[in-house]
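*Asks:* There's a structure below that I have some questions on.
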Amino acid sequence: MTSTIEAPRSPYSRSTKKSGVNWEKWGWIYMRVSGVVLVVLIFGHLFVNLMIGEGVSALNFAFVAGKLTNPFWMVWDIIMLWLALIHGGNGMRTLVNDYATSRISRGILKVAILVSVVSLIVLGTLVVFTFDPCPAGAPANLVASFCTSL
Amino acid sequence: MPQTAGTLDSQQKTTSRRPAGTLYRGNTGMWSWVLHRITGVAIFFFLLVHILDTALVRVSPEAYNAVIAQYQTPIMGLGEVALVGAIVFHAFNGLRIILIDFWNAKYQRVLFYVVIGLWVVTMLAFVPRHLINVFSH
């Protein structure tokens, strides 16, 4: 019976495939690039929603209507939605890889993360693009002032 | 017992207070990493809820306002302080990680104290104003 014993301290090969995209590397880069952008987007979001005027006390449907009819804030919110969910989902994937000990629990948790992230990206994107600031039959005191002049 | 460089045995190497070759074992390097993970998970779960509550603008103004009114209560106002605290730490420490990775890891400790300092300054700007908004309505 013969067997091959590798030389001590020889570097182990991580996988059999030598070519192809290094997804972990691009994930690592994504966390840093999206992180920098998210600092700007989320600090801006928090400043406008919680600091200006009466902050959280001023938030209501009419406030959101004012933002989601402005192309600047629509683009801002869409980019923030996509970047943050993918950043958070990838971060949660890292934690699952670190702390979930069985192959089955890792699989279930990562599918759950993927389903949450994809469905919320779809939901959030649809909400921004199909938003109606002046829904028919809504009380005038609950909608933005520009609804009455239409 | 006197020691000179290069004579540490493997036991001493793995239990020394300032291990060589890693930022993330022990002291500021480790605790910033722990906090980064905890704040990251907390922010992720808030993000899931926050997208769902914002999606209520697509249901009706009444439904959205009913849920947003919950965010304006004193208890949730304190929760928002915790949320913003977590976000601000995660943001500044994330920038610290980028500086460690792309600039110079030897400043990681002083950068951690810069993160804490910026966090304190940011929270001093936010918390009083936010609590006035929450408790005066």
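The values are calculated or read from the model by the stated rules, or taken from the named source; none is laboratory data. These figures come from a predicted structure and were not determined experimentally. Cβ placement follows ideal geometry from the backbone for every residue including glycine, while neighbour counts extend to all protein chains displayed. What goes into the accessible areas is simple: the full protein's heavy atoms, side chains included, and nothing from ligands, DNA or RNA. Shrake-Rupley method; radii C 1.70, N 1.55, O 1.52, S 1.80 Å.
*Asks:* Residues that are more than 11 Å from every other protein chain (Cβ to nearest Cβ), on the phi < 0 side of the Ramachandran plot and touching a residue at least 40 places away in the same chain (Cβ under 8 Å), at least 2 per element: which helices (runs of 4 or more DSSP H) completely within region A:1-110 meet that? Don't jump to the end; show me each part of the working.
*Replies:* Working: elements: A:23-46, A:61-68, A:71-99.
Result: A:23-46, A:71-99.
*Asks:* So in region B:25-52, with the set limited to residues that are exposed (fewer than 15 other Cβ atoms within 10 Å of the Cβ) and over 30 Å from B:Ile100 (Cβ atoms), which one is nearest to the other protein chains (Cβ to nearest Cβ)?
*Replies:* Of everything passing the filter in region B:25-52, B:Leu52 is nearest to the other protein chains (Cβ to nearest Cβ).
*Asks:* Restricting to region A:77-111, give me the number of residues that are touching a helix residue (DSSP H, G or I) at 6+ places or on another chain (Cβ under 9 Å), open to solvent by less than 50 Å² (accessible area, probe 1.4 Å) and not acidic (Asp, Glu).
*Replies:* Here the count works out to 16.
*Asks:* Kindly check whether there is at least one residue in region B:74-82 that is within 11 Å of chain A (Cβ to nearest Cβ) and either open to solvent by 70 Å² or more (accessible area, probe 1.4 Å) or touching a Lys or Arg at 6+ places or on another chain (Cβ under 9 Å) (or both).
*Replies:* Yes: one or more hits.
*Asks:* Somewhere in region B:22-44, is a residue at pLDDT below 95, β-branched (Val, Ile, Thr) and more than 30 Å from A:Ala144 (Cβ to Cβ)?
*Replies:* yes
*Asks:* Kindly establish whether B:Ser60 is more than 23 Å from A:Leu85 (Cβ to Cβ), surrounded by 17 or more Cβ atoms within 10 Å (Cβ to Cβ) and of a type in the set (S, T, N, Q).
*Replies:* Criteria not met by B:Ser60.
*Asks:* Here's a follow-up. Could you list, in sequence order, the residues of region A:114-150 that are part of a loop (DSSP other than H, G, I, E, B), in contact (Cβ under 8 Å) with a residue 60 or more places away in the chain and more than 7 Å from chain B (Cβ to nearest Cβ)?
*Replies:* A:Pro133, A:Cys134, A:Ala144 - these are the residues of region A:114-150 that are part of a loop (DSSP other than H, G, I, E, B), in contact (Cβ under 8 Å) with a residue 60 or more places away in the chain and more than 7 Å from chain B (Cβ to nearest Cβ).
*Asks:* Suppose we filter B:Phe89, B:Phe126 for residues that are under 20 Å from A:Gly44 (Cα atoms) and more than 8 Å from every other protein chain (Cβ to nearest Cβ); which single one remains? Even if it seems obvious, please write down each step before you answer.
*Replies:* Numbers: B:Phe126 fails: more than 8 Å from every other protein chain (Cβ to nearest Cβ).
None of the others qualify; the one that does is B:Phe89.
*Asks:* Looking at this structure, is B:Val67 crowded, with 20+ Cβ neighbours inside 10 Å and either assigned to a helix (DSSP H, G or I) or touching a Phe, Trp or Tyr at 6+ places or on another chain (Cβ under 7 Å) (or both)?
*Replies:* No.
*Asks:* Among the numbered conditions (1) more than 8 Å from chain A (Cβ to nearest Cβ); (2) under 24 Å from A:Thr130 (Cβ atoms); (3) over 20 Å from the mean Cα position of the chain (by Cα), tell me where B:Ser60 comes up short.
*Replies:* So the condition that B:Ser60 fails would be (1).
This table checks each residue for (1) closer than 19 Å to A:Gly35 by Cα; (2) modelled with pLDDT of 95 or more.
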{"site": "B:Asn65", "(1), (2)": "no, yes"}
{"site": "B:Leu78", "(1), (2)": "no, yes"}
{"site": "B:Ala91", "(1), (2)": "yes, yes"}
{"site": "B:Trp103", "(1), (2)": "yes, no"}
{"site": "B:His137", "(1), (2)": "no, no"}
